[in-house]
Structures are given as structure tokens and as C-alpha cells.
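Right, one structure below, let's go through it.
The values are calculated or read from the model by the stated rules, or taken from the named source; none is laboratory data. Note that the structure is a prediction, hence the values are computed from the model and not measured. Here the Cβ positions follow ideal geometry from the backbone for every residue, glycine too, while neighbour counts run over all protein chains shown. Heavy atoms of the whole protein, side chains included, go into the accessibility calculation; ligands, DNA and RNA do not. Shrake-Rupley method; radii C 1.70, N 1.55, O 1.52, S 1.80 Å.
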Amino acid sequence: MSDLIELKAAARKQAFARRKEAFAAGQGWACQHLTAALMRFGPAPLAGYMPIRTEIDPRRVMEGHSGPVGVPVILGPGRGLIFRKWTAQTPLIEGEYGAAIPQDGPEITPRVLIVPLVAFDRRGYRLGYGGGFYDRTLEALRAKGPTTAIGYAFSAQEIDEVPIEPTDQPLDLIVTENGPIWPRGA
């Protein structure tokens, strides 16, 4: 297990550096590609995220979604996420890890999630920050019904192969500034 931890740590370090460079160059057509990908889901409840550090920013797409939109709230280590309803006018406070979260408000259960990441591969696996929040959340949501996870990233965040473990949940689609990437499967 320590080998896997070391592999993931090394992959994160390299991916953070590539993401930082890509962030400085701008998002290009990423929002347009994400909007196009979401059109097939109509007004289905959507979870986005409030970007931190050099994450690609989905807020413009979230604002234009025709159905309810939520953003993640971390409840604590070892737990899944909840999603509080969000609009561009929602009062926000600082949550865990510096991400802005709604001060209060109702929870929504998303059917489509825009998922942040550090790195991804063509199999549809993502490397996150290491807390397992999205993996636990996706597993629980998928157990209750159809759930689509869309990784949103800069193309520079792609790596050959994300080191995975049995609890890692794959993405259904990855969207970058260069367009959609349909995973090949594990």
C-alpha cells in the first residue's frame, strides 16, 4: 500500500505543476465544451464545484444550467459529500480546504457531477487530492440510480495511467479545453 501512496504522491506533484502552467494560459474553449456535454442531460440536478487554487473554473457553465445546481460540502474525513443548492447570488463562506460553500440552504441530490481533479487518464480514472470524498460520494449516488461523473480539467492534466485502487470510481466523461474525452474503460 505504501508503494501506491508514493506513486499517487509523485503523480500529484507532477500534475499540480502541469495544471499551474495550464491555468496561467487560460481556459480556452473549456466552458463551451462543458456546456455542450451537459446539454444531453437537460435540467437534471447538477453538482459543480467552487474552484480552488489552479482548478479549471466551471462557474459560468453552472450559472447557465437549466436545472438545480449544487456545490459540494465536506462533512468530515472518511465521509461522502453533500451538495447544497447554489446560484450566483448564494451567500458563500469558506469551507474545508479553502473552497467556498453556501452558508446554508437545501441539499440537492445530483444526477450529473462536474468533478474537479489533479490528473486523469484515458481509462476514465482521476487523481484527486487524496481524501476519497468524490469516490465515496459517487459510489453512494450510483447505488441509488443513474449518475454521470464528468471530469473537468486542462488537457495538460492527462497522464498515461492514474495509479488506482479498488475504491476508485471512474469518470464517465472528461472535458478539457480541447473537447470531450470518452474513457476507454479499465
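Annotation: of all residues in segment 91-116 being under 25 Å from GLY42 (Cβ atoms), assigned to a loop (DSSP other than H, G, I, E, B) and touching a Phe, Trp or Tyr at 6+ places or on another chain (Cβ under 9 Å), the one that is modelled with the lowest pLDDT is GLY105. Residue count for segment 130-142 satisfying the condition of being surrounded by fewer than 17 Cβ atoms within 10 Å (Cβ to Cβ) and part of a loop (DSSP other than H, G, I, E, B): 2.
Among the residues of segment 24-44, are any over 23 Å from ARG111 (Cα atoms), at pLDDT 95 or above and part of a loop (DSSP other than H, G, I, E, B)? The answer is yes; a qualifying residue exists. Looking only at segment 143-169, which residues are closer than 20 Å to ALA44 by Cβ and either open to solvent by less than 50 Å² (accessible area, probe 1.4 Å) or assigned to a strand (DSSP E or B) (or both)? Those that are closer than 20 Å to ALA44 by Cβ and either open to solvent by less than 50 Å² (accessible area, probe 1.4 Å) or assigned to a strand (DSSP E or B) (or both): GLY145, THR147, THR148, ALA149, ILE150, GLY151, TYR152, GLN169. Of everything in segment 69-89, what is out of contact with any Lys or Arg (no Cβ under 8 Å at 6 or more places or on another chain), closer than 20 Å to ASP168 by Cα and open to solvent by 60 Å² or more (accessible area, probe 1.4 Å)? Give them in sequence order. Residues satisfying the conditions are LEU75, PRO77.
Total residues in segment 170-186 satisfying the condition of being in a loop (DSSP other than H, G, I, E, B) and of a type in the set (A, V, I, L, M): the figure is 2.
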